[in-house]
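Reading through the structure tokens given below for one structure.
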């Protein structure tokens, strides 16, 4: 349970600072970033495995590169439906999804 809470806090901090570091991303406050982190982790736990299973043939044909498209699409969906988190286009969403994917990989190595 401690690992999950720590992961949520680190993701919230990453989302909060993404609003300052990435031009085109706007986050209203830390509370909004915390809620966005919860939504992103829930999407990654429940929706992402289903989407990856459905897209398995396409992912196989592209040698795994379609996973990047899935990550960006899910991030864009979270940003679109999340009030208080705004992304102005594809590239800021790509940068945010890439940064959170790298952060998630690092956290999974240490936690």
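Go through the residues of the range 30-47 one by one and say whether even a single one is over 12 Å from the mean Cα position of the chain (by Cα) and part of a loop (DSSP other than H, G, I, E, B). No - not one qualifying residue is present in the range 30-47.
Of the residues examined, residue 69 is not one that is in contact with a helix residue (DSSP H, G or I) (Cβ under 8 Å, 6 or more places away or on another chain), at pLDDT below 95 and under 24 Å from residue 22 (Cβ atoms).
Looking across the range 27-38, the residues that are touching a helix residue (DSSP H, G or I) at 6+ places or on another chain (Cβ under 6 Å), buried (at least 16 other Cβ atoms within 10 Å of the Cβ) and farther than 18 Å from residue 102 by Cβ come down to 27, 34.
Could you give me the residue pairs with C-beta distances under 7 Å whose first residue belongs to the range 28-54 and is on the phi < 0 side of the Ramachandran plot and in contact (Cβ under 8 Å) with a residue 12 or more places away in the chain, whose second residue is surrounded by fewer than 17 Cβ atoms within 10 Å (Cβ to Cβ) and outside any helix (DSSP H, G or I) wherever it lies, and which are 6+ apart or on separate chains? Taking only residues 6 or more apart or on different chains, the pairs are 28/84; 32/84. Scanning the range 3-24 for residues that are under 13 Å from the mean Cα position of the chain (by Cα) and in contact (Cβ under 8 Å) with a residue 24 or more places away in the chain turns up 7, 8, 10, 11, 12, 14, 15, 18.
Condition check ((1) at positive phi; (2) surrounded by fewer than 13 Cβ atoms within 10 Å (Cβ to Cβ); (3) assigned to a helix (DSSP H, G or I)) across all residues:
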site: 63; (1), (2), (3): yes, yes, no
site: 69; (1), (2), (3): no, no, yes
site: 77; (1), (2), (3): no, no, yes
site: 86; (1), (2), (3): no, no, no
site: 95; (1), (2), (3): no, no, yes
site: 98; (1), (2), (3): no, no, yes
site: 101; (1), (2), (3): no, no, yes
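The values are calculated or read from the model by the stated rules, or taken from the named source; none is laboratory data. Just so it is clear, the structure is predicted and the values come from calculations on it, not from any experiment. Cβ: placed from backbone, ideal geometry, glycine included. Neighbour counts: every protein chain shown.
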